[in-house]
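Below is one structure, written out as C-alpha cells, with a few remarks after it.
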Amino acid sequence: MVTNRAARGRAMGAACLVVVTLVAAMPSATVGIRPGSVQSGPWFTTCENTIETRSNVTDDTGALCSREDLDYYTGCCREGSPTIARHTCEGCNHDSKCCSSYAVCVSCCLGQPKEELEAAYHDDDVFRVAIHPNTGHWTTDFEYCTGQCRTSPLVTYGENEYRSDDHFCYGKVPRAAHDGASNPVGHLPRAGLSVVLGDVGADCQTACQGVGKQCEPDLANFVNMCEVIEEYTGFHCGTCVTRKRSLNGPGVESQPGKYGKFVDGDCYQVKHTNFGCYKKQEGQIKPVCPCI
C-alpha cells in the first residue's frame, strides 16, 4: 500500500513538472490580447482604456480613436492615426457636462484641469454609483471618468426614461438636463397650471393659495409623475416610488444625508389616486399640488 502511494506521488510530481516546463516555454508575446476581447488593465502593457465600447475607444491619456487604431498590445490609441482625437468634447453640453457618446464623455472628462478632476472624486458626496454611499469613492482620474460617464439614476426620470439624449455625464453630479425635444415633460397641459410643493402637514388648497392660485383637483393626474415633480419643483429625487392608494396624490419626502448632498429625498406617485384639495399627506410627506 505504501509503495503504491509513493508511486502515485512520483507520477503526479512528474506531470506537474511537465506542465510548468510547457508554460515557461510559451512565447512572451501572448501577454497581448486579440482584437474584440473585453479584457483590460493588466492585459495591456501601457494604457487602460474603454475597450468595452463598440466603435470608438478612449485610453487613459484622454485619446479617443477607432477600434482599428487601438494598439491591442499597449492598450493605447496609436499616435498619428487618422481617427485619433485627444480630450475631444464633440457632442457634449458644457453646461450640463453631458455627452451623447460614452467614449467622448470619458475623453472630455480627462481633459479637465487636474485640480478639478481630483476635487471631484475627493468630494465626500461623490460615490462610485451616484446616490449610493455604500459603493465608496473613486481613486484615480481614469476611474472617475469611466465611472461617472456610465448611465446613473440621476440621468433618468424614475430610472424609466432618459432625461436627454446626452445622458453620459462627467460632472460631480451626473444629472442630464431635460432637453424638451425627446421627452414629453416639456409642457404642462393647461396654460397657467403650476406645480407647487406644499409644506409638511399642509393641504394643496393652502399651498396653492400661498402662490395666489387655487387647487384644481381635475388636473391632479398631470402632476402625478416623478419626472413632472423634478422638472417643475426643483426637488431632486433619489428614488421614484409608486404607491397604490395610501397617499392623497403625489408627494415628496426630504431625506437629508440619505443619498448625499446632491439629492433631496424620495418622490412618490400614486397608481390609483383619490385626490382631494383639502386632504393632507401622511407623516413627513409634502404634497405636490396642481394650482391654477
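Where helices (runs of 4 or more DSSP H) fall entirely within region 65-155, those with at least 3 residues that are without any contact (Cβ under 8 Å) to a residue 40 or more places away in the chain and of a type outside the set (A, V, I, L, M) are at 114-121, 141-148. Being surrounded by fewer than 19 Cβ atoms within 10 Å (Cβ to Cβ) and closer than 30 Å to His132 by Cα, is that true of even one residue in region 226-235? Within region 226-235, one or more residues are surrounded by fewer than 19 Cβ atoms within 10 Å (Cβ to Cβ) and closer than 30 Å to His132 by Cα.
Output the residue which, of all residues in region 241-284 that are out of contact with any Phe, Trp or Tyr (no Cβ under 8 Å at 6 or more places or on another chain) and hydroxyl-bearing (Ser, Thr, Tyr), is farthest from Val196 (Cα to Cα). Full working, then the answer.
The first filter runs over region 241-284 and keeps only residues out of contact with any Phe, Trp or Tyr (no Cβ under 8 Å at 6 or more places or on another chain), leaving 244-246, 254-259, 261-263, 266, 268-284.
Okay, now just the ones that are also hydroxyl-bearing (Ser, Thr, Tyr), so 246, 254, 259, 268, 273, 278.
On the way: Ser246: 21, Ser254: 15, Tyr259: 24, Tyr268: 15, Thr273: 18, Tyr278: 15 Å.
Here the residue is Tyr259.
Scan region 196-220 residue by residue and report those that are closer than 30 Å to Cys98 by Cα and modelled with pLDDT under 95. Passing the criteria: none in range.
Are any residues in region 242-257 modelled with pLDDT under 85 and either among the small types (Gly, Ala, Ser) or out of contact with any Asp or Glu (no Cβ under 8 Å at 6 or more places or on another chain) (or both), and if so, which ones?
Of the residues in region 242-257, the ones modelled with pLDDT under 85 are 243-247, 257.
Within region 242-257, Arg243, Lys244, Arg245, Ser246, Gly257 meet the criteria.
Within region 121-146, the set of residues being surrounded by 20 or more Cβ atoms within 10 Å (Cβ to Cβ), more than 24 Å from Glu230 (Cα to Cα) and not polar (S, T, N, Q) comprises Tyr121, Trp138, Phe142, Tyr144, Cys145. Residues that are touching a Pro at 6+ places or on another chain (Cβ under 8 Å), crowded, with 23+ Cβ neighbours inside 10 Å and at pLDDT below 95 occur in region 98-109; there is at least one.
Return yes when Val223 is in the same structural domain as Gly201 (by TED's automatic domain parsing), at pLDDT 90 or above and either closer than 26 Å to Val155 by Cα or aliphatic (A, V, I, L, M) (or both) and no when it is not. Give the derivation first.
Working: in the same structural domain as Gly201 (by TED's automatic domain parsing): yes; at pLDDT 90 or above: yes; either closer than 26 Å to Val155 by Cα or aliphatic (A, V, I, L, M) (or both): yes.
Judged against the criteria, Val223 is a match.
For region 258-292, a tally of residues being surrounded by fewer than 20 Cβ atoms within 10 Å (Cβ to Cβ), hydroxyl-bearing (Ser, Thr, Tyr) and at pLDDT below 90 returns 1.
Scanning region 193-225 for residues that are buried (at least 20 other Cβ atoms within 10 Å of the Cβ) and of a type in the set (Gly, Ala, Ser) yields Gly198, Ala207, Ala220. Listed by position, the strands (runs of 3 or more DSSP E) inside region 226-292 whose residues that are without any contact (Cβ under 8 Å) to a residue 60 or more places away in the chain number at least 2 are 237-243, 251-254, 265-270.
The values are calculated or read from the model by the stated rules, or taken from the named source; none is laboratory data. It should be emphasised that the depicted structure is a prediction, and the values quoted were computed from it without experimental measurement. Quick reminder, even Gly has a Cβ in these numbers, built from the backbone with ideal geometry, and neighbours come from all protein chains shown.
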